[in-house]
Amino acid sequence: MPKMTVISPGALSTIQDTGRFGYMSTGFSPNGAMDIYSMKIANILVGNALNDGVVEMTLLGMSVRFDCTSVIALTGADMQPEINGEAVEMYTAHEVHDGDVLVLKAAQTGLRTYLAVAHGFDITAVMGSMSTNLKCSLGGFMGRKLCAGDEIPLRQSISLELIGKRRAKCENNYTLTVTARVMLGPQDDLFTDEGIKTFLSSEYTVSDKSDRMGVRLDGDMIENKNGVDIISDGIATGSVQIPASGTPIIMMADRQTTGGYAKIATVISADLHKIAQARPGTKVRFKAVDEKTALELKKKQEQKLKALQYRMLYAYKEN
């Protein structure tokens with residue numbers, strides 16, 4: 001069976017897809033890739049379905065050896081990838097062969113890099129998803145982060161000739177200042193006008209205490225009317241909680257399913273990839289938009305991915 005073997009796992013490398021859905025009522029987080037946009041581009045570049053499993057690496061990349069011919073692509077943060085010591089481009093499909101070693105280093109900009117392999121990993125889905133749930137030790141590869149010596153089975157060997165040369169516009173020009181568009185609510189009424197003004201006008205800094213559960217921000221405290229405790233209710237990806245400390249936490253892929261702190265706003269889905277790639281020290285500002293704008297931006301992003309899929313298929317047929 002074709003496989004890739006982990007030589008060095010990097011800081012935190014896990015198998016993720018678009019997430020595990022339908023189980024929040026029983027307390028299971030959706031998990032999934034933090035930057036789903038970059039994950040989908042990686043899958044397009046190797047001819048996979050958009051929701052196929054990938055390896056997500058954080059800050060420091062891994063090294064792997066392949067024992068077959070396959071096609072890979074890397075998107076997201078630039079971890080200076082090399083195959084057998086030769087630098088290769090991000091956002092490009094590359095053929096690897098038996099014995100080839102892929103090495104990734106520290107992210108130059110951004111935080112997370114995605115590795116997709118043509119035809120995907122031969123891993124059994126758990127509750128409808130390959131995503132790794134680290135807290136519950138389920139999904140992904142043995143329910144945990146990847147370790148040195150792990151042999152990740154691949155579905156089948158494939159050559160680049162079968163899918164054609166593929167390249168996408170490089171989108172890893174991440175900056176240290178991010179503007180995240182949000183829709184206010186559902187509990188913005190628990191904050192004073194001055195508190196809302198602070199939230200929308202202040203510049204916050206991503207804390208080094210951030211993780212896949214939530215991106216913690218340091219900065220000005222947001223004033224509330226009579227406290228921020230609420231009866232626990234559901235939390236969506238991108239929910240901006242304001243705990244007793246008064247500074248925002250953006251809830252992400254591994255978030256808890258419910259929470260008892262007021263949510264002042266929600267980051268729109270089209271901007272979640274910006275937050276996922278925000279490394280500690282990044283400056284974050286919030287900008288309020290309405291529902292119509294949020295839906296238009298989501299549709300525009302989805303159309304961009306569909307256009308890339310079509311262009312990849314069309315270019316192959318032309319060849």
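Only the coordinates and a few stated rules stand behind these numbers; no lab work does. Keep in mind that what you see is a predicted model, and the values were worked out from it rather than measured. Note that we place each Cβ from the backbone using ideal geometry, even for glycine, and neighbour counts take in every protein chain shown.
Give the lysines whose C-alpha is closer than 16 Å to that of Lys283, dropping any in the same chain fewer than 8 places away, or say none.
Lys209, Lys274
Starting from the Kirkwood radius over alpha-carbon pairs of the chain, derive D by Stokes-Einstein at 20 °C in a medium of 1.002 mPa s and give it in µm² s⁻¹.
106 µm²/s
Between helix 291-318 and the chain, what is the angle of the helix's C-alpha long axis to the longest principal axis, kept within 0 to 90° and rounded to the nearest 10?
Its long axis makes an angle of about 10 degrees.
How high is the relative contact order of the stretch 82-194, given as a whole-number percent (alpha carbon pairs under 8 Å, six or more residues apart)?
Relative contact order of the stretch 82-194: 28 percent.
Return the loop-located GluC sites (Glu not before Pro) in the stretch 68-147 (DSSP other than H, G, I, E, B) with at most 13 other Cβ atoms within 10 Å of their own Cβ; answer none if there are none.
Here the GluC sites (Glu not before Pro) that fit, given the DSSP loop and packing criteria, are Glu89.
Among the chymotrypsin sites (Phe, Trp or Tyr not before Pro) within the stretch 7-40, which fall in a DSSP loop and have no more than 16 other Cβ atoms within 10 Å of their own Cβ?
Phe21, Tyr23
For the pair Cys136 and Thr177, how long in nm is the line joining their label points, each one 7 Å along Cα→Cβ?
Inter-label distance under the simple model: 4.2 nm.
For the stretch 16-25, what does the Karplus curve 6.51 cos²θ - 1.76 cosθ + 1.60, with θ = phi - 60°, yield as ³J(HN,Hα) per residue in whole Hz, taken in order and with x for Gly and Pro?
Here the 3J(HN,Hα) series is 9, 10, 6, x, 10, 10, x, 10, 5, 5 Hz.
Using unit Cβ charges (K, R positive; D, E negative) and no other charged atoms, how large, in debye to the nearest 20, is the dipole of the chain about its Cα centre?
420 debye
To the nearest 20 debye, what charge dipole does the stretch 3-162 have about its Cα centre, counting +1 at the Cβ of each Lys and Arg and -1 at the Cβ of each Asp and Glu?
Values: 10 positive and 16 negative charges, 147 e Å.
The calculation lands at about 700 debye.
Can you sort Tyr91, Tyr114, Tyr314 so the residue with the fewest Cβ neighbours within 10 Å comes first?
Listed from fewest to most nearby Cβ atoms, that is Tyr314, Tyr91, Tyr114.
Calculated from DSSP H runs of 4 or more alone, at -39500 (n - 2.57) each and per residue, what is the 222 nm mean residue ellipticity of the chain, nearest 500? Could the numbers behind the result be given before it?
Numbers: 4 runs with 52 residues, N = 319.
Theoretical 222 nm ellipticity from helices: -5000 deg cm²/dmol.
So, in nm, how far is label Ala87 from label Glu151 when the simple model puts each one 7 Å beyond its Cα toward the Cβ?
3.5 nm
May I ask you to list the trypsin sites (Lys or Arg not before Pro) in the stretch 211-319 that are in a DSSP loop and have at most 16 other Cβ atoms within 10 Å of their Cβ? Display every interim value, and only then the final one.
Working: sites: Arg212, Arg216, Lys225, Arg255, Lys263, Lys274, Lys283, Arg285, Lys287, Lys292, Lys298, Lys299, Lys300, Lys304, Lys306, Arg311, Lys317; in loops: Arg212, Lys225, Arg255.
Taking the stretch 211-319 and a limit of 16 other Cβ atoms within 10 Å, the loop trypsin sites (Lys or Arg not before Pro) found are Lys225.
List every residue whose amide H lies under 5 Å from the amide H of Val178, counting only residues 5 or more places away in sequence or on a different chain, with H placed 1.01 Å from N in the peptide plane.
Lys283, Val284, Arg285
Could you put His273, His94 in order, starting from the residue whose Cβ has the fewest other Cβ atoms within 10 Å?
His94, His273
Please list 3J(HN,Hα) in residue order for the stretch 147-156, calculated via the Karplus relation 6.51 cos²θ - 1.76 cosθ + 1.60 where θ = phi - 60°; whole Hz, with x for glycine and proline.
10, 4, x, 4, 10, 8, x, 9, 5, 6
Could you check the simple spin-label distance between Lys283 and Lys300, using points 7 Å along Cα→Cβ, in nm with one decimal?
The two pseudo-label positions are separated by 2.4 nm.
Please order Leu12, Leu115 by the number of other Cβ within 10 Å, starting at the fewest.
Least to most surrounded, the residues fall as Leu12, Leu115.
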